[in-house]
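Peer 1: Just passing along the structure, written as structure tokens.
Each reported figure results from applying straightforward, stated rules to the coordinates on display, with no laboratory input. It should be emphasised that the depicted structure is a prediction, and the values quoted were computed from it without experimental measurement. Here Cβ is always computed from backbone atoms with ideal geometry, including for glycine, and neighbour counts include all displayed protein chains.
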Amino acid sequence: MEILGLVNYALFMAIFIAIYALLALGLNIQWGFAGLFNAGIAGFFAVGAYTSAILSTAADDGRIGGFDLHFLLGWFGAMLAAGLIAWPIGKICLRFRSDYLAIATIGVAEIIRLVIKSEPVLTNGARGISGIPRPAGDIGYMESQIAYLAIVLAVLAAAYFLVERQFNAPWGRMMRAIRDNESAAKAMGKDVEFRRLEAFIFGAALMGLAGAMFAHFNRSITPEAIDPMVATFLVWIMLILGGSGNNRGAIVGAAVVWIIWSVSEIATDRLPHEYAVQAKYIRLFLIGLMLQLVLRFRPEGLLPEPLRGDRRTSQSGTEPH
Amino acid sequence: MDLLELINFYLIPGIVLGSIYALGAVGITLIFAILRYAHLAHGDLATLGAFIALAVVTSLGISPLVALPFAIIATGAVAIGIDKVFYEHLRERPKIVTVMASLGIALMVRSVVQVVWGVDTQTYSRGIVRPEDYFGLRIRDREIYTVLAMVALVGVLQLFLTRSKWGKAMRAMSDNPNLALLSGIDNKKVVMLTWGIAGGLCAASGFFLGLNTELKSMMGWHMLLPMFAAAILGGVGRVEGAVLGGLIVGIAEEMSVLFIPSEYKAAMAFAILLFMLLVRPTGLLKGKVL
Amino acid sequence: MKTKLIALAAGLMTATALASVPAKADVKIGLIGGISGPIAAMAPAMVDAAQLAIQQVNEQGGIGDGEKLVGVVGDSACNPQNGTDAATKAVNIEGVAGIVGPHCSGAVLAAAGSVTIPASITLITPSGTSPEITSLEDKGTVFRTVPSDDYQGRALARTMKEQGYGKVAVAYLNNDYGTGLANAFKAEYVDELGGEITQFAAHEEGKASYRSNLAELVKGGADTLVIFDYGDGTGLTILRQALENGFFDKFVGGDGMKSDAIINELGAENLNAFVASSPVGEKSQSLDVFNEAFKAVGGDPDAIFVSTSYDATFLMALALEKAGGDKAGAAAAMVEVSNGEGEAILPGEWKKAKELIAAGTAIDYKGAAGDHNFDANGDVPGTYALWEVGSNGFEMLTEMQ
């Protein structure tokens, strides 16, 4: 029983890590390779989650849909919707540089969150949508977790493979050139604006897919899930800690950060019984401290960006351009 | 609706709220200008400052306004300490690494507040204060203090930046760090000063939020996004811009319920920000492009 | 460094695994609450109330063959991500026999959907008020001790009409709790009773000023403000600013507003026009019994959702006792110990309940926050009373029908 419990917990963590890894991969396309400081991950995550929820749930009187479609169609729809919504946002916001872009995207994500919370016709408002079908959800607890993990891992592997291939292709070289020296890339005739938008949309689509997979795993999606801390900042920590610019780094970062995030609670539960509630505050302290330690000793990330003979001078969007 | 009502219930609260945002935004903009990154622990430092003031008020039994200087100094010192222990060694690294570190600091500071002071809602003084009537204008003493303190603190800061040796050094670092270093400015001292000032302003901002409403362990985190919006709106690195930005965000949030459903009040700061960035990509007062 | 980190993580996990092998005889239940996050101010009192129930069980003979009942506290942070994580750990690492919580509806839906329903663990939430929980396909394993918002909102509307309230304005928190209550209230007050609501507006939490909201709400000439919010959060700010600026004459709150923080921070002398509804047991001595017991351990019985938290935990213990420690049978037993038939059990009467269960007699728990006779969806009809602020805190004004 103990062992089975540990396995179940490990399965659950693996599913969450895979979902977060997808988010981190999406962010890696935007930040690691195109240098776009997107701090509105939660917005695209939410658009994906809600789109898939609306497409795949049974019909409901109070809101649009559901359309009772197959979950794969829901996931495809989620990518499409997140990508589509990223297009106008990118069109408007990508002209801003670095921190201006960050605050603009945070703003867009907040507006998306408020719309989702306040428009019952669209999203069932603050109640959220429940009854979302989970693929292979009707079998036993562990079996269904294994099945879902297999699906999520397959999606993650496919995404990783495609993204990695793109990065090593001329497209990836071009993106890095734009990131590291925009004017030089422009001088060589690259359409910088368009390429940036392209990266922004691809990244957003992956984030939408992750949102959809999260909603289906929990069989529900509520506005509470669009919390900037767990849906935006946590992903940033994962990417930076794992190593931005490196797809494997993004995945490793997701794993390490989620393990710290989750296991720290068990660790602080060892405190005496009277401090059970305080332990939860101390847990947040520990998470913060672990983050400091990793950044202290591995500031370039656990798996830094591989040198491809195009060594860049600056990794940061906050340097003067 | 008559003019007095507009002023009493929309404009005055907006100015008070704006002053609180402005105090935080000035610190954010200073850190942007001199250290060149977004400091995400700013809101939680404000919470810490507010609770330090509460501790002084309850332990010494003095009036909250007298406790404010203590809180400003203590929080400034904490900010310098955090920089020394956690941020200093990341200075040569890409700025994004420090941004992430500041996120971790936000969690740590909040957790300290929750462990030390608990999570119950608290106030500096019990009971309610009805506003005074000045020729139809309904203003509370504490609202006057808030606005006056903001003006005074920012005024002193401006004087310091323009007149004193170290203030000029800070501006030099902000304008051109390489040149400043070449001309012999002590980088370390400038950074320390920046943190001391930003931390102190944080405490003031949290304190006045607590004075005008209540103290909660999440109060600063909720203010973080509007404060950032204010700093960017005014133009990065511009102190007077941050004040202007803070006031605009505060007033716009309060006025917004006249035009849009009140559940969208929180979106107002960002709507203005997006519009402003489209028209003037470097903010109202032409800030830096980092 | 990577290996070090992995070693560290692995070390933490092994330490945990070793440390969490329970002393053989403990029966664990998960107490999952929004300890960090937006309801951080409410959660500790709720956890304390749950711990009181556990303490009483242990003092009066424990569970089963004198085994100790242990509450394992988990943090759902009021969001689904942490909610499912905490529930998974409780179920799989701690091996809990049932879960009390999570506190927020979103976390309840997610934790039930991805953890407790598949794992056939009984879940009972003391504060998840969303109607979505009613319609969960839960195989009968999801319960709650807090009535759905619909019931309270309608009862409050009827009582207010009886008490002679006229034109009202409604301000509600834009989350599942506030929206649910406000819509139910509106449906009853306007559509059924022909009352008038002049303004009906949602607000976001955590803003520093709501004076402009109040100025908007007061347009239309209502003299009463109905607030559906939490009294130790935004609700307090709104009530304060309304009182300070003289915006309304009378104030009515839902159960979230019946909070000690309001009296502590605003002063009872300023609150003579403020009433709030709150659940109460039909045998209202149940509530008195609980209040006494909770005060005795230093708790504040006027804190929000404490009585429902206590009831949820006590019911969970009763169900586990009835099921003989069988996790899978707890859900069915939960209905049996509180279906309105059998010997009445009041809060704290664990020993009596234990003996009756052992003798095979049917029991019926009469909780501090209502009788909790679960319907087919695991919901309870509520019994509510309206409270006013007296010199010794909240005093009951009238029962609500």
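Peer 1: Students often forget the sequence filter, so: which aspartates and glutamates lie under 19 Å Cα-Cα from residue B:84 once same-chain residues fewer than 8 apart are removed?
Peer 2: Straight-line reach from residue B:84, under 19 Å: B:44, B:92, B:186.
Peer 1: Which order do the peptides C:266-279, C:226-239, C:166-179 take when ranked by the mean count of other beta-carbon atoms within 10 Å per residue, highest first? Could you put the intermediate results ahead of the total?
Peer 2: Working: C:266-279: 20.4, C:226-239: 27.7, C:166-179: 24.7.
So the order, starting with the most tightly packed, is C:226-239, C:166-179, C:266-279.
Peer 1: Ok, one more. Which residues does the label zone of residue B:62 cover in the stretch B:194-231, counting backbone N under 18 Å from a point 7 Å along Cα→Cβ?
Peer 2: B:200-201, B:203-205, B:207-208, B:211
Peer 1: Per the helix-only calculation at 222 nm, which mean residue ellipticity applies to chain A, given -39500 (n - 2.57) for every DSSP H run of n ≥ 4 and division by its residues, nearest 500 deg cm²/dmol?
Peer 2: Details: 12 runs with 215 residues, N = 321.
My calculation for chain A gives -22500 deg cm²/dmol from helical runs alone.
Peer 1: How high is the relative contact order of chain A, in percent, counting Cα pairs under 8 Å that sit 6 or more residues apart? Don't jump to the answer; show the numbers that get you there.
Peer 2: Numbers: 511 pairs, mean separation 98.4, N = 321.
Relative CO of chain A lands at 31 percent.
Peer 1: Give me the inter-chain shielding for B:204-212: mean count of other chain Cβ atoms within 10 Å, whole number please. Before the final figure, lay out the partial values.
Peer 2: Working: counts 0, 0, 0, 0, 1, 2, 1, 0, 5.
Going residue by residue through B:204-212 and averaging, the value is 1.
Peer 1: Something else about it: So if we plug the beta-carbon distance of residue B:137 and residue B:275 into 1/(1 + (r/R0)^6) with R0 = 35 Å, what FRET efficiency do we get, rounded to 0.05? Mind showing how you got there, number by number?
Peer 2: Details: r = 30 Å, r/R0 = 0.87.
After rounding, the FRET efficiency stands at 0.70.
Peer 1: What average count of beta carbons from other chains do you get within 10 Å of the Cβ of residues in A:289-302? Walk me through the numbers before you get to the answer.
Peer 2: On the way: counts 6, 4, 8, 9, 4, 5, 10, 6, 4, 5, 9, 3, 2, 4.
Mean shielding count: 6.
Peer 1: Using Cβ contacts closer than 10 Å as the measure, can you line up C:186, B:165, C:354, C:89 from fewest to most?
Peer 2: Details: C:186 19, B:165 8, C:354 23, C:89 28.
Exposure proxy ranking, most exposed first: B:165, C:186, C:354, C:89.
Peer 1: Grab the beta carbon distance between residue A:153 and residue A:95, set R0 = 30 Å, and tell me the FRET efficiency rounded to 0.05. Please list the in-between numbers first.
Peer 2: Working: r = 38 Å, r/R0 = 1.26.
Working from the Cβ atoms, E equals 0.20.
Peer 1: Next up: How long are the semi-axes of the ellipsoid equivalent to chain A, from square roots of 5 times the Cα gyration tensor eigenvalues, in whole Å, largest first?
Peer 2: On the way: eigenvalues 195, 132, 71 Å².
Three semi-axes, in Å: 31, 26, 19.
Peer 1: Taking the Cα centre of chain C as origin, sum charge times position over the Cβ atoms of Lys and Arg (+1) and Asp and Glu (-1), and report the length of that vector in debye to the nearest 20.
Peer 2: Computed charge dipole of chain C: roughly 1080 debye.
Peer 1: Go ahead and estimate [θ] at 222 nm for chain C from helices alone: -39,500 (n - 2.57) per DSSP H run with n ≥ 4, summed, over the residue count, rounded to 500. The partial results should precede the final answer.
Peer 2: Values: 13 runs with 148 residues, N = 401.
Calculated from helices alone, the mean residue ellipticity at 222 nm is -11500 deg cm²/dmol.
Peer 1: Next up: Using alpha carbon centroids, what distance separates the stretch B:249-276 and the stretch C:164-219, in Å?
Peer 2: 20 Å
Peer 1: Please tell me which of these pairs span more than 32 angstrom C-alpha to C-alpha: A:91/C:219; C:207/C:327; A:91/B:168; A:91/B:286?
Peer 2: A:91/C:219; C:207/C:327; A:91/B:168
Peer 1: Using only Cα atoms and rounding to the nearest 10 degrees, what angle (0 to 90) does helix C:234-245 make with the longest principal axis of chain C?
Peer 2: 20 degrees
Peer 1: Here is a follow-up. Enumerate the whole-percent occupancy of each 20 Å bin, from 0 to the last occupied one, for all C-alpha pair distances of the protein assembly as shown.
Peer 2: 14, 46, 34, 6, 0
Peer 1: Over the whole of C:67-78, what's the average partner chain Cβ count within 10 Å per residue? Rounded to a whole number, please. Walk me through the intermediate numbers first.
Peer 2: Numbers: counts 0, 0, 0, 1, 2, 2, 8, 5, 10, 2, 6, 2.
Mean shielding by partner chains, rounded to a whole number: 3.
Peer 1: Calculate one ³J(HN,Hα) per residue across the stretch C:132-142 by plugging θ = phi - 60° into the Karplus curve 6.51 cos²θ - 1.76 cosθ + 1.60, and present them in order as whole Hz with x for glycine and proline.
Peer 2: Each residue's phi maps through the Karplus curve to give 4, 5, 4, 8, 4, 8, 10, 6, x, 9, 10 Hz.
Peer 1: Which value in deg cm²/dmol, rounded to the nearest 500, describes the helix-derived mean residue ellipticity at 222 nm for chain B, given -39,500 (n - 2.57) per DSSP H run of n ≥ 4 and division by the residue count?
Peer 2: Values: 12 runs with 200 residues, N = 290.
Helices in chain B give a 222 nm mean residue ellipticity of -23000 deg cm²/dmol.
Peer 1: Compute, for the stretch A:2-225, the length of the dipole vector about the Cα centre, with Cβ point charges of +1 (Lys, Arg) and -1 (Asp, Glu) only. Units Debye, rounded to 20. Intermediate values should be presented prior to the final figure.
Peer 2: Working: 17 positive and 16 negative charges, 154 e Å.
Dipole magnitude for the stretch A:2-225 comes out near 740 debye.
Peer 1: Between the stretch A:41-80 and the stretch C:266-337, how far is it from one alpha carbon centroid to the other, in angstrom?
Peer 2: Computed from Cα coordinates, the inter-centre distance equals 38 Å.
Peer 1: Then there's this: What is the stretch B:80-237's relative contact order, in percent, from Cα pairs under 8 angstrom and six or more apart in sequence? Mind showing how you got there, number by number?
Peer 2: On the way: 75 pairs, mean separation 48.6, N = 158.
Rounded, it is 31 percent for the stretch B:80-237.
Peer 1: Take C:334, C:316, B:218 and order them by how many other Cβ atoms sit within 10 Å, fewest up front.
Peer 2: Working: C:334 27, C:316 33, B:218 23.
The order, fewest Cβ neighbours first, is B:218, C:334, C:316.
Peer 1: Treat chain C as a sphere of radius equal to its Kirkwood radius over Cα pairs and apply Stokes-Einstein at 25 °C in a medium of 0.890 mPa s; give the translational diffusion coefficient in µm²/s, rounded to a whole number. Write down the numbers at each step before the final one.
Peer 2: Values: Rh = 21.5 Å.
Answer from the Stokes-Einstein relation: 114 µm²/s.
Peer 1: Quote the FRET efficiency, to the nearest 0.05, computed for residue B:160 versus residue B:55 with a Förster distance R0 of 22 Å and r equal to the Cβ-Cβ distance. List each step's numbers first, then the result.
Peer 2: Working: r = 28 Å, r/R0 = 1.27.
Efficiency computed from Cβ-Cβ geometry: 0.20.
Peer 1: Over the stretch A:233-287, what is the relative contact order in whole percent, taking alpha-carbon pairs under 8 Å and six or more residues apart? Working shown, then result.
Peer 2: Numbers: 40 pairs, mean separation 13.5, N = 55.
Relative contact order for the stretch A:233-287 comes out at 24 percent.
Peer 1: Once you put a point 7 Å from the Cα of residue C:328 and another 7 Å from the Cα of residue B:89, both along the Cβ direction, what distance in nm separates them?
Peer 2: So the two model labels end up 5.4 nm from each other.
Peer 1: Moving to a separate point now. Give the cross-link partners of residue B:288 among the aspartates and glutamates, using a straight C-alpha distance below 18 Å as the criterion and excluding same-chain residues fewer than 8 apart.
Peer 2: A:99, A:319, B:175, B:240
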